[in-house]
1. Projecting each Cα onto the charge dipole of the chain (Lys/Arg +1, Asp/Glu -1 at the beta carbon, about the Cα centre), which of Met310, His227, Ala367 comes out farthest on the positive side?
2. Using DSSP to call loops (not H, G, I, E or B), can you name the trypsin sites (Lys or Arg not before Pro) in the range 17-103 whose Cβ has at most 16 other Cβ atoms within 10 angstrom?
3. For Lys203 and Val69, what does the FRET efficiency come to when R0 = 25 Å and r is the distance between their Cβ atoms, rounded to the nearest 0.05?
4. Nearest 0.05, what FRET efficiency do Gln320 and His250 give at R0 = 30 Å with Cβ-Cβ as r?
5. Going by average Cβ density within 10 Å per residue, which order do the peptides 336-349, 270-283 take, highest to lowest?
6. Rg and Dmax of the range 108-235 over Cα atoms: what are they, in angstrom?
7. Taking the Cβ of Phe282 as the centre, find all other residues whose Cβ is under 13 Å away and add up their charges (Lys, Arg: +1; Asp, Glu: -1).
8. Read phi for every residue in the range 280-289 and hand back ³J(HN,Hα) as whole Hz from Karplus 6.51 cos²θ - 1.76 cosθ + 1.60, θ = phi - 60°, with x for Gly and Pro.
Amino acid sequence: METQPLIDEYPQIKDLMAAKPLVWQNPDYGAPAHLPLGRADIFDAVARWQRFAPYLAKVFPETRATHGVIESPLVRIPKMQDAWAELNHQSLAGQLFLKADSELPVSGSIKSRGGIYEVLKFAEQVALAHTDLTYMDDYAVLATPHYHRLFSRYRVIVASTGNLALSVGIAAASFGFQTTVYMSHDARDWKKDRLRANGVTVKEFKTDFSSVIPMARQAAAQDSHCHFIDDEGSTDLFLGYAVAAVRLQHQFKRQGIRVDAEHPVVVYLPAGVGGSPSGVAFGLKMIMGANVHPVFCEPTHVPSVTLGMMTKLNNKICVQDIGLDGLTAADGLAVSRPSRIAGKLMRTLLLAGVTFNDDDLFAYVSALLDTEQLMVEPSAAAGFTALRPLTTAFPQFAGRTVTHVVWATGGEMMPPEERRRDYQRGAQLLAREGW
Ligand SMILES: *Cc1c(COP(=O)(O)O)cnc(C)c1O
């Protein structure tokens, strides 16, 4: 791709090409827009989750205590806020929270929202078409052998860097769907092992996510009984993520967090293909409106969503087009081409994109464990890297009355060796001069 015309039009591309950490301020933020989805779509998803709650409580015992609701805690992290101040040689005004999707039941990541939701929707569609199920039935019935036999005649296919495969694989296998996941080179072995243990077929590829996904799409297209979960453009995934906003609104209220013009909330979301952060961000804007400000965080080597939005080319451009290698230690973010829908829907809803160096992730992973005894995977620490550049670029969000929410997107299911390795890498960095 010829980059000079792009540089002429969007000078910040030069910094993206040089893999320099930057803040891209979205010039269209807050402009009026006609969106193809709205609040009614979110509440349709809320209702579907509710219909399935008895099923989830039955099949996933860890959701029994919450009666089949899959939700994560919103945690105040004052000790981490102090540690952050020490590491950054400046204090952070306002209050710092962690939205701990790292603890979400079933898959231990944000993918428990979108991935499971799309499987539920497909199961409901199959059941309604082929049985006497009604919307008012107790959906726990879907966990009986009669339904299992029906579902076993259908297939679910998904491509993933790891976590989406985990959530889709575990959920789809629970219904009895024949499930195949296509894994990119960066997917961790323990995730593949775990899926195989659940009866999921795992296909491994030596290439990156953006080239694996068309193969999965093509395989699915050849089978009329097959449902393809398309991480590059699925509306169902998107709406599954968006439901988070309805829950968060209630958590804010219960914890006495005000959301108004004097008390803005900034939400920091790590972005890979852009689906999960866009779904959540869309939900936040639809449910809580103008005073919640979503920010995407991406590795300097894989700023795919920022690149797509900056150039307005969205999925028509990938990070290799501007000479980047697309490599990152944050496996959930190793996606070089953005989603078909994320950038378009975020056009007027995203405050900014912020990029970071990989090393910073590990430093914050260690600091978070040291201070709050919370372990997250490297991708999930991305929000901490964006706090300083964001509040510098937007002084209106540097004040005392601002609430900062770092969305911790995954981590619960990491094996102990992996945790230890990530923690140690961060601890070594923190011990170095300059931190
Ligand atoms: C999937 C994932 C992301 C990013 O989500 P996208 O939909 O790919 O943008 C971030 N962090 C973790 C831990 C993930 O699993």
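The values are calculated or read from the model by the stated rules, or taken from the named source; none is laboratory data. As the structure is a computational prediction, the values presented were derived from the model and not from experiment. Please note: Cβ atoms are built from the backbone with ideal geometry, for glycine as well, and neighbour counts cover all protein chains shown. Note: accessible area is taken over every heavy atom of the protein model, side chains too, but ligands, DNA and RNA are not part of it. Shrake-Rupley method; radii C 1.70, N 1.55, O 1.52, S 1.80 Å.
1. His227
2. Those that pass, being in a loop and sparsely packed, are Arg64.
3. 0.15
4. Details: r = 42 Å, r/R0 = 1.40.
Rounded to the nearest 0.05, the efficiency is 0.10.
5. In decreasing order of mean packing, 336-349, 270-283 become 270-283, 336-349.
6. Calculated on Cα positions, Rg and Dmax stand at 14.3, 46 Å.
7. Numbers: positive: Arg39, Arg113, Lys285, Lys344, Arg347; negative: Asp41.
Combined, the nearby Lys, Arg, Asp and Glu give +4.
8. Rounded to whole hertz, the list is 4, 4, 4, x, 4, 5, 5, 8, 10, x.
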